[in-house]
Amino acid sequence: MSADEQICLQIAEDVERLLEDRLILGEDVQKVIHHAESTGKKLINPAIDRFLAFYRPKAVTYWVEYSRIDGGYQVHTAYSHRMVMKSGGSTKEWVKSGSDSDWLCNQCQMPLEVQTVRLQYMQSIFPINLPACSRCGFILVAEELATGKVAEAEQALEDK
Ligand SMILES: [Zn+2]
């Protein structure tokens, strides 16, 4: 077994059903957590002691919200999107309005700030304001966004 396959997951029944509906496998979740834990690239919400991380093995980005429990990890939710988010890279584009997000960048220990980033899918690029870490550029794609507007846009582009 590889290291990510040894990650022990605890998934409640309703979350299990949600992952099934979203076509997300246990091994996808394991890969996200393994990547986050081995690189430290994740967001942290100290108030509820949860982590949020993503991993893009192929054409799909998987996000998992989880917390540490004895002997493994509890999965609170997971979602995916195919669009690629790209940080503008220039600090001129920072809106610096702060963000109402409770997530902090784990590596930089910084609160997220709203930044204009580019969503890219197939031949299309859309600018969008998203919370991101101003130091390392970690962009937060929240569940409501990924399963709402982003999913709709992906569908619309595929139907063209
Ligand atoms: Zn950061």
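Remarks
- Length gained on full extension, LYS86 to ILE125, computed as 0.36 nm times the residue gap minus the Cα-Cα distance: 13.1 nm.
- Computed [θ] at 222 nm, helices only, for the chain once each DSSP H run of length n ≥ 4 contributes -39500 (n - 2.57): -6000 deg cm²/dmol
- Potential lengthening between ALA59 and GLU27 on full extension [0.36 nm per residue; Cα-Cα distance subtracted]: 9.9 nm
- Normalised by residue count, the range 3-81 yields a Cα convex hull volume of 91 Å³ per residue.
- Length gained when the stretch GLU16-GLU144 is fully extended (0.36 nm per residue, less Cα-Cα span): 44.3 nm
- Kirkwood-type radius of the chain, with distances r between different C-alpha atoms, in Å: 16.3
- Local electrostatic count at ILE69 - Lys and Arg +1, Asp and Glu -1, tallied over other residues with Cβ under 12 Å: 0
Bear in mind that the values in this text are calculations on the coordinates, not laboratory data. Small disclaimer: the values here were computed from a predicted structure and weren't measured. Positions of Cβ are backbone-derived with ideal geometry, glycine not excepted, and every protein chain shown enters the neighbour counts.
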